[in-house]
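Input: a single structure, listed below in structure tokens.
The values are calculated or read from the model by the stated rules, or taken from the named source; none is laboratory data. None of these values were measured; they are calculated from a predicted model. Note that we place each Cβ from the backbone using ideal geometry, even for glycine, and neighbour counts take in every protein chain shown. Areas reflect the complete protein model, heavy atoms only, side chains present, ligands, DNA and RNA absent. Shrake-Rupley method; radii C 1.70, N 1.55, O 1.52, S 1.80 Å.
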Amino acid sequence: MKKRQGTSKRGEDSSRNPSTTTSCTIRNVQYGPYGECQKNHAAEIGGYALDGCREFMASGEEGTSLALTCAACGCHRSFHKRLMEYEREIRTFFAS
């Protein structure tokens, strides 16, 4: 759980309004499916080229070594962008 606190509202100087507190709490981070492949296939020659694979699809059953290899592009799962879903709660308090 991450928690951030600040002492100013957006667009206001904190020296003019020190009684405003904003707190942001991020809860329930869940990891969804793996997205597009980020492997740079032209790194050896100093270039930048992606293969165009848009989503990770496991080559084998869960628990085997093939489950970590993409059936579409052949890359390891770690090269694919991990998609996250999270819940955010923002609270602003004004002291009178």
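Heavy atoms only, probe 1.4 angstrom, no DNA, RNA or ligands counted: give me Arg77, Arg54, Arg91 ranked by accessible area, highest first.
Values: Arg77 75, Arg54 175, Arg91 125 Å².
In descending accessible area the options line up as Arg54, Arg91, Arg77.
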- Query: Heavy-atom accessible area of Phe79 with all protein chains present, probe 1.4 Å, nearest 10 Å²?
  - Reply: 80 Å²
- Choose one of Thr64, Cys75, Leu50: the residue whose Cα lies farthest towards the positive end of the charge dipole of segment 48-89 (beta-carbon charges +1 Lys, Arg; -1 Asp, Glu; about the Cα centre). Leu50
